[in-house]
Amino acid sequence: MLMKIFKFILLAGFVLLIIIQFFPSGIPGNKPEDEKSIAKSSLVTGPVLEQLKKSCFDCHSDQVRLPWYAKVAPSSWLLSNHINGGRENLNFSQWEDYSKREKIGLLQKIKDEVESGNMPLKSYLLIHRDAKLSPENILSLSKWTEEATAKIME
Ligand code: HEC
């Protein structure tokens, strides 16, 4: 009897897993990097740019590196949430579309999020260990936000 129930649950789970594959994940498409990207501006260069690419671009840019499980529900739904939510708040690829004021506001928020350890998201760091920021990384990012702000205000 118990075995029968177990088999049924297993089968039902399997069927459900197949059914959910037909629901679109809503992961937005990527675009090639263009002139609007912060990577093309003189605002950020060298190691800081590399750090942003490594730790933030997977949710805050149009150049997202998608892993294989981005194609499989339900993990694809989580990724979709992260990327859509991330881009909505801050898209480094569309940086030049922000006004001066918005840029300064965003730089302040980047500083806050990085210093408080809110970003990159914890769930992302579980899988992407190399995206984790060391105390030195946090210091240099935070210093960069101040320098960039001063540059924008010039
Ligand atoms: C796994 C995806 C992911 C990664 C990686 C990530 N973010 Fe985010 N970020 C989000 C999401 C989702 C939101 C919007 C929801 C929220 O605030 O939690 C967000 C919001 C933000 C905000 C806006 C916060 C606010 O209060 O308006 C800033 C600034 C930010 N992230 C900076 C960064 C920086 C800097 C990095 C890299 C060091 C980074 N994020 C890495 C997903 C991510």
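The values are calculated or read from the model by the stated rules, or taken from the named source; none is laboratory data. In this text the structure is predicted, and so the values were computed from the model without any measurement. Here Cβ is always computed from backbone atoms with ideal geometry, including for glycine, and neighbour counts include all displayed protein chains. Ligands, DNA and RNA are stripped out before the accessible areas are found, and what is left, the full protein with its side chains, is counted by its heavy atoms. Shrake-Rupley method; radii C 1.70, N 1.55, O 1.52, S 1.80 Å.
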Relative contact order [Cα under 8 Å, 6+ residues apart], the range 2-153, whole percent: 27
Rounded tilt (10° steps) of 100-116 against the dominant C-alpha axis of the chain: 60
Area accessible to solvent at Leu106, 1.4 Å probe radius, in Å²: 20
Heavy atoms of Ile18 accessible to a 1.4 Å probe, total area in Å² rounded to 10: 80
Check: the range 31-115 dipole with +1 on Lys, Arg Cβ and -1 on Asp, Glu Cβ, in debye: 60
Extreme residue, positive dipole direction of the chain, given options Cys59, Thr145, Pro47 (C-beta unit charges): Cys59
Most mobile listed residue (Tyr98, Tyr69, Tyr124) in the chain, GNM with C-alpha springs under 10 Å: Tyr69
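Structure shown: which of Lys54/Lys111; Lys53/Lys122; Lys54/Lys132; Lys103/Lys132; Lys36/Lys122 lie over 20 Å apart, alpha-carbon to alpha-carbon?
With Cα atoms farther than 20 Å apart: Lys103/Lys132; Lys36/Lys122.
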Around Lys40: net Lys/Arg minus Asp/Glu count, Cβ-Cβ under 9 Å: -3
Degrees, to the nearest 10: 135-153 long Cα axis against longest axis of the chain: 50
Heavy atoms of Arg65: accessible area, 1.4 Å probe, square angstrom to 10: 130
1.4 Å probe accessible area per residue over the chain, in Å²: 65
When the range 2-153 is reduced to its Cα atoms, the Kirkwood hydrodynamic radius in Å: 17.3
Of all accessible heavy-atom area on the chain, the percent that carbon and sulfur account for (1.4 Å): 65
Between helix 2-20 and the chain: long-axis angle, C-alpha atoms, 0 to 90°, nearest 10: 40
Heavy-atom accessible area order for Ile5, Ile110, Ile104, largest first, 1.4 Å probe: Ile5, Ile104, Ile110
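What order do Phe6, Phe92 take when sorted by accessible area (1.4 Å probe), most exposed first?
So the residues, ranked largest to smallest area, are Phe6, Phe92.
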